[in-house]
Amino acid sequence: MAMGFETESRKLLGRLRDAMAGEDAGQARLNKITHLIATSMGCEVCSIYLFRDADTLELCATEGLNEAAVHETRMKLGEGLVGRVAKKRTVINTPNAPQAPGFRFMPETGEEIFSSFLGIPVQRIGESLGVLVVQSKSAREFSADEVYALEVVAMVLAEMTELGAFVGEGAAMSARHSQPVLLPGTVGQEGVAEGHVWLHEPRVVVSNPIADDPVRETERLVEAVDKLRLSVDEMLSMAVADKEQRQVIETYRMFANSKGWMRRMQDDIQSGLSAEAAVEKEQSVAQTRMSQSNDPYLRERLSDLDDLSNRLLRILTGQGSDTGAELPVDPILVARNIGPAELLEYGRSLKGIVLENGSVGSHAAIVARALAIPLIVHAGRITNDALNGDHIMVDGEQGIVHLRPDDMVASAFRDKIAMQAEAQERYASIIDQPAQSKCGTIVSLNMNAGLMADLPSLQGSGAEGVGLFRTELQFLVRNKMPKRSELSALYTRVLDAAGDKRVVFRTLDIGSDKVLPYMKPNDEPNPALGWRAIRVGLDKPGVMQMQLQALLRAANGRPLSVMFPFVAQLEEFRAARREVDKTLAREAKLGHKLPATLEIGAMLETPSLAFAPRQFFEQVDFVSIGGNDLKQFFFAADRENERVRRRYDTLNVSFLTFLEGIVARCAETETALSFCGEDAGRPVEALCFAAIGLHSLSMRPASIGPVKSLLRRCNLDDVRAVIEKARARGEMSVRADVMEYVRAQHQD
Ligand code: PEP
Ligand code: MG
C-alpha cells in the first residue's frame, strides 16, 4: 500500500477524532463527519444511514443531498442500493448508480444527478449498524485505496455508534442499546423470570478507535499477539490427552501465527486505526464471511478466528472475561452458548438463562431443566443487543424475551409472575396432602432429578420419591470419565439425602443428543435411532459394570432401584440383568454389603417393548414409560425438531390407546408401572394418564403442585367417561373435551 495514501487516511481519521472530541450533540457530530469525508474524498455527497430498527435504515446525516431528507428518507433492509449494502454486508462500488441492479430513485434527496456510488457497511463485530455512502457526479469507479479508506472510516463510525457518540439532544438516533427489544425464541425450560442481564462473555468496549502513532500501536499489537501465542501454547500443553480439544487449539495456534492476519491488522494501523480497532476490523470481515458461508468447515474455522480475536481484544484492552464486575441483582445469564459445567458453576444463583444458540436438548438445557431455571434458546442476536445490567424479562411460557421492556410490558409481565406466585402458595398449602382424586384413587407423584442440587426439592415439592434419576448428567458435565469412587460417593449422598424415600437410578443414557465430551463422537446418520443408551451399555459392559458397582456400593445394604433406558426387546433386558447378577456376585466375593432389596426395571421408550413377550413383563420388576422418547417414535416426530415437535398431541386418541395397552399388559402380570416423561408434569396430561390407569408419575419438582392440585379437584371416573365419549365421536385428540371438564371443576 502506498505510503502517501496511508498518510491521507490517517489525516482524515485525525480530523474525525477532533470532530468527535468537541462538545457537540450527536447530530452536529454526524454532520461534521459527512462534511469531512466528502471534502477529503473530493466527492459531492457523503451520507450516513443508520438502523432505526432491525430492518429500517434512516438517512441520519448528509453532505450534498437535500437537507430536508435527513430523518425523513427511510428504506427497508435490501431496498435500493443502500439497503442492499446493509443486507448483503458488502461494498457496492459503481460508476453508474442509476443502472446498477436494485437502484431506487428517491426524489426527496435529489439523488438522480449523482452517477457514481460507493456504499460501505457500517458494522461492528458482525453486527450491522448502518451504511456509509459517498457519491459523485462524475462517472468513476472508486479505487481500491479509496474503498479501503472508507472501510476504515466505517469501522470508526461503528465504534462511535456503539459508544453512543451520536446520541443527545436533536440526535440522529437514540442509543441503540436503550430501546426496548422483543426477542422471540424457543422454550428450553418453562417458567418466568425478571432480572438483569449478566453477559457470560461481556462485549469488549473500544474507546479509542483512532490512533496517530502507528509505531506505538504496532508495538502494542505485536506484544498482545505474543501474549496470545504464549497462552495458546499453554492451552495446548494442558490439553495433551484430548485429541479434539488439541485440534481446536492447534487451529488457534495456526491463526495466532498467521502472517496474513497480522499483516492486515498492521495495514489497518498504518491507515490510522488503533490496535484494538484493527483487530475488530478484521474480526468483522471474518464474521461477515461466516454469515455468508454455507461450508460448515469454513464456518468452524472462522468461528475459531472469532474466539481468538476476542481473546486478543481482551489482552489489548485489559478487559478480561473476568472484569471484576459483580453479578447484578436477580441475574439472568445471556450468552451465545454455554457448556453444562460452566452453567453448573453459576448454579441456582441465576434467575433465568437466554441463549443465542443452544437447543432444547443441549446439555446446557438439560442442566437448566435440572436446576428449574427458565431457559430460552435461539433468542435472536441477544448478545449484540444486551448490555450488562440491562433490565430483562424472560417469558418461558411463550418463549419470548423482553429486553429493556417499556412500562406497559413490564407491568403486564409482573401480573403474570404474581399470578404464578399466588398459585405456588396454593400448591404449598396442599404439600402434605395426598394426590387423591375425588373418586378416591391415590396417584403417586415423584420427581425427576439428575444433580445433587435437585435433592432439596424432594422435601420441598411434596414428591414421594425420585422416579427418575438421570445419571448421565454426572458424565456430561465432566471433561473425563468419572471414577467409580466418585460416582459411588455421589450416589451415596443422593441416597442419604433421600432418606427413606425411593430413588430410581437410571443407568447411563448417552448417545443421540447426549454426547460425552471425552468419547469419540460417532458419525451416525440418525443418532436418535442409533447407538445409544442400553445399546452402548451392552456393547461396552465395562462402563455399565463400573456404574452398577458404584450404585451397589452406595446402597451399602440399603434398598436399591435401578432401571435401564431404551430397552427395545426382552433379550436386551435379560442381558442387562445378567450384568447386574455378575456384578452382584463380584461384589459379594469382595465382601461388600449387598442391597437389602434390589429392583431392576426397564424404561419403555420404544413401541416394540409394549409388544414384548409376556416373559418380559414377568421378569422385569417395574416398567417406566419414557414418554419423551416413546412419543417421538410412536409418531415418528423428532423431539428435538421444532418443526415437528408439537405436531402431534400427547392426548391424541391413538397415543392414549397405545398407553392403555401398556397399562393392560402390566396389569396382567401385576408389574408396577410408572410414567416419567415431561408430559407427566403437565396437569391435563397427568390427569388423563391417571384416568387410564397410570397411577405413578414422575415429573419436574415444580410440576408436582399443579398436578396434585388438579388431580384433587377431579373425578377420574368422570375423566375416563369424557375420554370414552371423545373417542366414540372419532375425535383426534381428547384435549378439548377434557379441558372443558377441567374448566367446569374450576367453577365449582
Ligand atoms: C424419556 O424419554 O421420556 C425420558 C424420561 O428420558 P430422557 O428424556 O432422558 O430421554
Ligand atoms: Mg428417554
How much solvent-accessible surface does LEU590 expose, in Å² to the nearest 10, with a 1.4 Å probe and all protein chains in place?
110
GluC sites (Glu not before Pro) restricted to the range 394-496 and DSSP loop, no more than 16 other C-beta within 10 Å:
GLU397
The range 214-317 - Rg over Rh from alpha carbon coordinates, Kirkwood radius
0.99
Under the Karplus relation with 6.51, -1.76 and 1.60 and θ = phi - 60°, whole-Hz ³J(HN,Hα) for the range 720-732, x at Gly and Pro, equal 4, 5, 4, 4, 4, 4, 4, 5, 5, 6, x, 5, 6
Selected from LEU228, ASN208, VAL504, residue furthest toward positive end of dipole (the chain; charges at beta carbon)
VAL504
Acute angle (nearest 10 degrees) that the helix 653-669 long axis makes with the longest principal axis of the chain, alpha-carbon atoms:
40
Measure up LYS88/LYS137; LYS483/LYS593; LYS11/LYS259; LYS540/LYS631; LYS351/LYS520 against 32 Å on the Cα-Cα distance and list the ones that go over.
LYS351/LYS520
What are the principal axis extents of the Cα atoms in the range 442-747, in Å, biggest first?
61, 43, 37
Relative contact order (percent) for the range 3-162, with alpha-carbon contacts under 8 angstrom and 6 or more residues of separation?
19
Ignoring solvent entirely, what values of log10 I(q)/I(0) come out of the Debye formula for the chain at 0.11 Å⁻¹ when each Cα is a single scatterer?
-1.16
What is the spin-label model distance, in nm, from ALA744 to ARG535 if the labels are put 7 Å beyond Cα along the C-beta direction?
4.7
From the C-alpha coordinates alone, can you work out the Kirkwood hydrodynamic radius of the range 3-162, in Å?
15.4
For LEU598, the residues 5 or more places away or on another chain with a placed amide H closer than 5 Å to its own amide H are LEU560
Using only Cα atoms, tell me the angle between helix 243-256 and the longest principal axis of the chain; keep it within 0 to 90° and round to the nearest 10.
10
TYR346: accessible area at probe 1.4 Å, nearest 10 Å²?
50
Solvent-accessible heavy-atom area per residue, rounded to whole Å², over the chain at 1.4 Å
43
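Could you sort THR492, THR288 by their accessible area in this structure, using a 1.4 Å probe and putting the largest first?
THR492, THR288
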In whole Hz, what ³J(HN,Hα) sequence does the range 87-102 give by Karplus (6.51, -1.76, 1.60; θ = phi - 60°), x for Gly and Pro?
5, 8, 6, 10, 6, 10, 10, 9, x, 9, 4, x, 8, 6, x, x
Measure of size requested: the Rg and Dmax of the range 95-152, with Cα atoms as the atom set and Å as the unit; please supply both.
12.5, 35
Treating the beta-carbon of each Lys and Arg as +1 and of each Asp and Glu as -1, no other charges, what is the dipole magnitude of the chain about its Cα centre, to the nearest 20 debye?
2360
Rounded percent of accessible protein surface that carbon and sulfur make up, the chain, 1.4 Å probe:
51
Could you compute the net charge surrounding LYS501? Neighbours are other residues with a C-beta less than 15 Å from the C-beta of LYS501; K and R count +1, D and E count -1.
-3
Please arrange ASP454, ASP500, ASP213 by accessible surface area, largest first, computed with a 1.4 Å probe and ligands excluded.
ASP500, ASP213, ASP454
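Can you tell me, using C-alpha contacts under 8 Å and at least 6 residues apart, the relative contact order of the chain as a whole percent?
After rounding, I find 10 percent.
Per residue of the chain, what 222 nm ellipticity follows from adding -39500 (n - 2.57) for every DSSP H run with n ≥ 4, rounded to the nearest 500?
For the chain, the value works out to -14500 deg cm²/dmol.
How do PHE142, PHE103 rank by accessible surface area computed with a 1.4 Å probe, from largest to smallest?
Order by accessible area, largest first: PHE103, PHE142.
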Rounded to the nearest 20 debye, what is the charge dipole size of the range 3-162 about its Cα centre when +1 sits on each Lys and Arg Cβ and -1 on each Asp and Glu Cβ?
280
Counting only DSSP beta bridges with both partners in the range 3-162, the antiparallel fraction in percent, to the nearest 5, comes to 100
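The values are calculated or read from the model by the stated rules, or taken from the named source; none is laboratory data. Just so it is clear, the model here is predicted, and its values are computed rather than measured. Using ideal geometry, Cβ is built from the backbone for each residue, glycine included, and neighbour counts are taken over all protein chains shown. Surface areas here come from the heavy atoms of the whole protein model, side chains and all, with no ligands, DNA or RNA. Shrake-Rupley method; radii C 1.70, N 1.55, O 1.52, S 1.80 Å.
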